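Only one structure is covered here, and it is reproduced in the block below.
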């Protein structure tokens, strides 16, 4: 089989890569600003990415609720779940713009106050103000898709973007995509003055709760870090790849939404695990925040023999139980409710074991400036492909909107560039696709993906790291990439997409290993160096970056913006 070739480039002003929350918001704003805007999505924008099923927490600052002292709000918000390791200027911008985005979302028909008033719950410490607005995001993707179309943005579903195109000056000029709607894939070339990477984080790089089911992941398993990998290959700088992040939730069920649960974390005998509440009789206004503060309590208690750790909802009221189950629908965790009903599990009498999920590249990715632009001119980034700001769905919406506004000004300053001049680069990708689609036998993508997971778990893991482990791990990653390029084979468009995702994961995995090797200290719960067991205070408030230099990778530390 050979890939079909579309001979003519598709030309637009602004190319949005990824139709998740951030990409759709960017598409709406850009189209309203008059840009000819095209959103590309590998699945379907009505139900794709991490926000596909919904969400129920939107971190924000509302003056009518939080008061007018924004600096006090900043100090408090930085101590919340999402307030930590990021550039303060971006976090400040996100909070300041959050109210505008909430009102935009209400105008799209998303229920930001389903109870009739602003309601803040979860992810909060006793005695502190709450910053996570409880909303109903169960239909958010459909609503945002409709708003994008109404604004005039065009959407192409079932298109996998695999490469960013830059000209001789290093400026973004387009991208290469593959249409996967039909069994025989189609190669597409896009030309644009500005582009936005708005794809998800890297899942499937580390083994999940049940490695036999590779797609049983806490976030969208189709997210393979392709945006960060493409940006890296295009010359962009990535940040924080060396500092892992892990989520938690019902053990083996692998559905996130930890902040939606109303209960206390206890051991098997009902004894509290953390010090933040003094009874299991918690409420929706202030459930037990232990899982947010002590994120690895589930692993620590298992390793010490004190575990398991349970989400204990036996002390909550019937009203709060009903509220929680409704909130799980808003969060997109309908499968949890279905499971409880199917097996007759009553949360008022039964505890649910919680566990920690696999490492994902969450706040690990593209380094952006205050315009939401990467170090590649004309290439913007937002959402979970970004590495130096975190606000979950809030950051996705705010920086998608911001990137589109900045792009609207930027495209007025740069000339058109004919991507036909990049024929050699386009031809190289076509040759790769055709090789992967060759007729002779080859290796299945799952072989490479599962092997990568074992390498990352054992050599670039989240429990212990060392110079020798990381050096060996990098070599094995490079070997696996070489073998994958020689042996992988796809029988159809779907498998071609999966093969390319694995190659993207391999590029990011090497960058992760190199970054972890260069961080000669122990920092946080998951970067623990046996050969450097201390935390180096000279690296406080510094971010490690990595970028491609020729055929190698180059790392350096930069100051965190404060």
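Summary table
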{"item": "Selection from segment 372-386 of residues that are part of a strand (DSSP E or B) and either more than 22 Å from residue 507 (Cα to Cα) or touching a residue at least 60 places away in the same chain (Cβ under 8 Å) (or both)", "result": "379, 380, 381"}
{"item": "Residue count, segment 508-533 (criterion: in a strand (DSSP E or B), under 26 Å from residue 449 (Cβ atoms) and in contact with a strand residue (DSSP E or B) (Cβ under 6 Å, 6 or more places away or on another chain))", "result": "0"}
{"item": "Candidate set from segment 243-277 (those that are out of contact with any helix residue (DSSP H, G or I) (no Cβ under 9 Å at 6 or more places or on another chain) and at pLDDT below 95); member that is surrounded by the most Cβ atoms within 10 Å (Cβ to Cβ)", "result": "254"}
{"item": "Number of the exception - residue 36 against (1) surrounded by fewer than 19 Cβ atoms within 10 Å (Cβ to Cβ); (2) farther than 30 Å from residue 89 by Cβ; (3) over 27 Å from the mean Cα position of the chain (by Cα)", "result": "(3)"}
{"item": "Scan of segment 534-551 for residues that are within 24 Å of the chain's Cα centre (by Cα), surrounded by fewer than 17 Cβ atoms within 10 Å (Cβ to Cβ) and part of a strand (DSSP E or B), ordered by number", "result": "542"}
{"item": "Condition met for residue 399 (under 14 Å from the mean Cα position of the chain (by Cα) and at pLDDT below 95)", "result": "no"}
{"item": "Single residue of 518, 531, 507 found to be surrounded by fewer than 19 Cβ atoms within 10 Å (Cβ to Cβ), in contact (Cβ under 8 Å) with a residue 24 or more places away in the chain, assigned by TED's automatic domain parsing to the domain that holds residue 470 and within 26 Å of residue 482 (Cα to Cα)", "result": "518"}
{"item": "Only listed residue being closer than 21 Å to residue 19 by Cβ, part of a helix (DSSP H, G or I) and either assigned by TED's automatic domain parsing to the domain that holds residue 294 or touching a residue at least 40 places away in the same chain (Cβ under 8 Å) (or both), chosen from 35, 40, 144", "result": "144"}
{"item": "Residue tally, condition over 19 Å from residue 504 (Cβ atoms) and not in a loop (DSSP other than H, G, I, E, B), over segment 190-214", "result": "2"}
{"item": "Answer residue from segment 82-127, given it is assigned to a loop (DSSP other than H, G, I, E, B) and touching a helix residue (DSSP H, G or I) at 6+ places or on another chain (Cβ under 6 Å) and is modelled with the lowest pLDDT among those", "result": "83"}
{"item": "Of the criteria (1) touching a strand residue (DSSP E or B) at 6+ places or on another chain (Cβ under 6 Å); (2) assigned to a loop (DSSP other than H, G, I, E, B), which one residue 265 fails", "result": "(2)"}
{"item": "Residue identified as without any contact (Cβ under 8 Å) to a residue 60 or more places away in the chain, surrounded by fewer than 21 Cβ atoms within 10 Å (Cβ to Cβ), assigned to a loop (DSSP other than H, G, I, E, B) and not assigned by TED's automatic domain parsing to the domain that holds residue 295 among 64, 79, 71", "result": "79"}
{"item": "Selection within segment 170-190 - in contact with a helix residue (DSSP H, G or I) (Cβ under 7 Å, 6 or more places away or on another chain) and crowded, with 21+ Cβ neighbours inside 10 Å", "result": "173, 174, 176, 178, 180, 185, 189"}
{"item": "Subset of segment 278-310 [in contact with a strand residue (DSSP E or B) (Cβ under 8 Å, 6 or more places away or on another chain), within 17 Å of residue 80 (Cβ to Cβ) and either free of Cβ contacts under 8 Å to residues at least 12 places away in the same chain or part of a loop (DSSP other than H, G, I, E, B) (or both)]", "result": "287, 288, 295"}
{"item": "Some residue of segment 208-217 being crowded, with 24+ Cβ neighbours inside 10 Å, within 30 Å of residue 527 (Cα to Cα) and within 17 Å of the chain's Cα centre (by Cα)", "result": "no"}
{"item": "Tally, over segment 65-75, of residues that are on the phi < 0 side of the Ramachandran plot and in contact with a helix residue (DSSP H, G or I) (Cβ under 9 Å, 6 or more places away or on another chain)", "result": "5"}
{"item": "Residues (in a helix (DSSP H, G or I) and within 13 Å of residue 258 (Cβ to Cβ)) located in segment 311-335", "result": "324, 327, 328"}
{"item": "Segment 148-165, residues that are more than 22 Å from residue 505 (Cβ to Cβ) and in contact with a strand residue (DSSP E or B) (Cβ under 6 Å, 6 or more places away or on another chain)", "result": "153, 154, 155, 156, 157"}
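A quick yes/no check of all residues on (1) farther than 19 Å from residue 547 by Cα; (2) more than 13 Å from the chain's Cα centre (by Cα); (3) assigned to a strand (DSSP E or B):
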residue: 350; (1), (2), (3): yes, yes, no
residue: 354; (1), (2), (3): yes, yes, yes
residue: 370; (1), (2), (3): yes, yes, no
residue: 388; (1), (2), (3): no, no, no
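The values are calculated or read from the model by the stated rules, or taken from the named source; none is laboratory data. For clarity, every value in this text was computed on a predicted model and none was experimentally measured. Don't worry about glycine lacking a Cβ; one is built from the backbone with ideal geometry, like all the others, and counts go over all protein chains shown.
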